[in-house]
Amino acid sequence: MAGKFAATAQLIENKGLSIFADFNPHIQFKKNRHIILLIGQWEYLSALSNTVNHGGYAHLRYNYRLKPLLKWEVLANSNTTGSGICLGGIWQELVRG
């Protein structure tokens, strides 16, 4: 298992309170023929008691190696606007690098 996790928070007062926060996980798990990947991002910005920006997304992916150059994969993606997608299929590597 490998990954990284980053988060930031700032409170600034200059003629009003400004708040900024973000959260960015990236987690990958590999075992034998399996790979699971989770990536996300969320951010929030508020100034003078008004939300200026608020949004983010999450991406989850599962990959299974059928043969050395043939893989099966399914993924899901969602964001804070309410849209999302789920896809799956088999793909073959044409060039290994």
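Worth a mention:
- Sequence-separation-based contact order of the chain, relative, with Cα cut under 8 Å and 6+ spacing, percent: 18
- Sites residue 26 and residue 49 - FRET efficiency at Förster radius 30 Å, r taken between beta-carbons, to 0.05: 0.40
- Which of 93, 13, 73 has the fewest Cβ neighbours within 10 Å, and the rest in rising order: 13, 93, 73
- Here the chain is treated with +1 on each Lys and Arg Cβ and -1 on each Asp and Glu Cβ, and its dipole about the Cα centre works out to around 680 debye.
- Rg/Rh ratio calculated on Cα atoms of the chain (Kirkwood radius): 1.17
- Protection proxy ranking, highest mean first, for peptides 76-86, 21-31: 21-31, 76-86, where packing is the per-residue count of other beta-carbon atoms within 10 Å, averaged.
Each reported figure results from applying straightforward, stated rules to the coordinates on display, with no laboratory input. A quick note: this is a predicted structure, and the numbers were derived from the prediction, not measured. Neighbour counts run over all protein chains shown; Cβ positions are idealised from the backbone, glycine included.
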